[in-house]
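This report concerns only the one structure given below.
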Amino acid sequence: MSQSTVNSGDGTTDNTAEWTAAQAADEIIVPAGTYVLDNFRPKSGKVFRCAGYKNTIIKQGNMARPAINCLSDASTGQIIGLSMKDFSVVGTGAGTVAAVVVSATAPYVVNKCEFDFVATNTNTALEIDCTGGNEVYSNKFRVDSFNSLHTAFKTKGAYNRYDLIAEQCQDGTALIDGTICGIFDRCVTDGSQYYGGQNCTIHTPTVETIFGSSVYTALDFIGYNHTVFNPTLTEVAQAKISGVGIRVHNTHTLINPRVWGTDYPTYPFGINGASTLIGGSVSCGIKLSAYMTPAALALVTFVGDSSSYR
């Protein structure tokens, strides 16, 4: 495997051209430093060896363009097997686009790639988009967006793996008529998942173990008409949840909601709008309905035998 090394960034010089040229090699070594990137276009099969979240820092060079624009189209072709890990992205704060964009134009695809980074002060940490619906698929995304406003998915991409860590991970605010598959959120600080949009199908949104100060809600379904399979809280202690564990607004359907572990909120569920719950379980063996307020129960349609709610 051929290898190249970019010069250490000084935080001022635009490094986009150098990074582009470095992709003549298969493996790109990125030393510690602060790099300014403006619409950098990574290529298929490249492996970026960064120095770690605290050492390799990428600055969003233009508030109107992403720092990293992973776009498969007629000029780039397919992007398969790209690996960009172990770095941080610092945004402009007032930026109008995501710091990292992964998108595809049919018939070109982004496939079997891996992105693992921390984002701070960005308008949006990560945006995924595709024209035909499934061109972005079977990728791994791990995004830690502590100070970002939200992490948004504008996509119908399929079978991607998302591991999201954030203070406010507002997944789906721009997700309309789409599907997110296999989201797993291990919160290591104040953390929640917020799902906006409408008519979304959300598979297995999970929050496992919140450390740090309290958050209001671990899983928050806002928007309209979502169908949510297996929403799960695991070891989410009451001391970390000031409100409810899973909060449901408007007209959603939750299939097999689960609260597992030895720790769980006093009120695992909060219902703020007419919704349907199908099945479900809690670790202590008491019916889900026992955890809901009378006002919330009046809004819920339960489907199935009552024993299924244990």
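The values are calculated or read from the model by the stated rules, or taken from the named source; none is laboratory data. All values reported here derive from a predicted model rather than from experimental measurement. All Cβ positions, even for glycine, are placed from backbone atoms using ideal geometry, and neighbour counts span all protein chains on display. Side chains included, ligands, DNA and RNA excluded: accessible areas come from the protein's heavy atoms. Shrake-Rupley method; radii C 1.70, N 1.55, O 1.52, S 1.80 Å.
A few points about this structure:
- For region 195-224, filtered to residues that are among the aromatic types (Phe, Trp, Tyr) and open to solvent by 40 Å² or more (accessible area, probe 1.4 Å), the residue that is modelled with the lowest pLDDT is 211.
- Each residue in region 123-138 was checked for being crowded, with 24+ Cβ neighbours inside 10 Å and of a type in the set (S, T, N, Q), and 1 of them qualify.
- Odd one out for residue 106 among (1) at pLDDT below 95; (2) open to solvent by less than 10 Å² (accessible area, probe 1.4 Å): (2)
- Among residues of region 256-269 that are under 19 Å from residue 221 (Cβ atoms) and open to solvent by 10 Å² or more (accessible area, probe 1.4 Å), those with a beta-carbon under 7 Å from a residue that is of a type in the set (Val, Ile, Thr) and part of a loop (DSSP other than H, G, I, E, B) at least six positions away or on a different chain give the pairs 264/236.
- Test: residue in region 18-35 that is under 21 Å from the mean Cα position of the chain (by Cα) and of a type in the set (D, E, K, R): no
- Residue count for region 292-309, restricted to those that are under 30 Å from the mean Cα position of the chain (by Cα) and modelled with pLDDT under 70: 1
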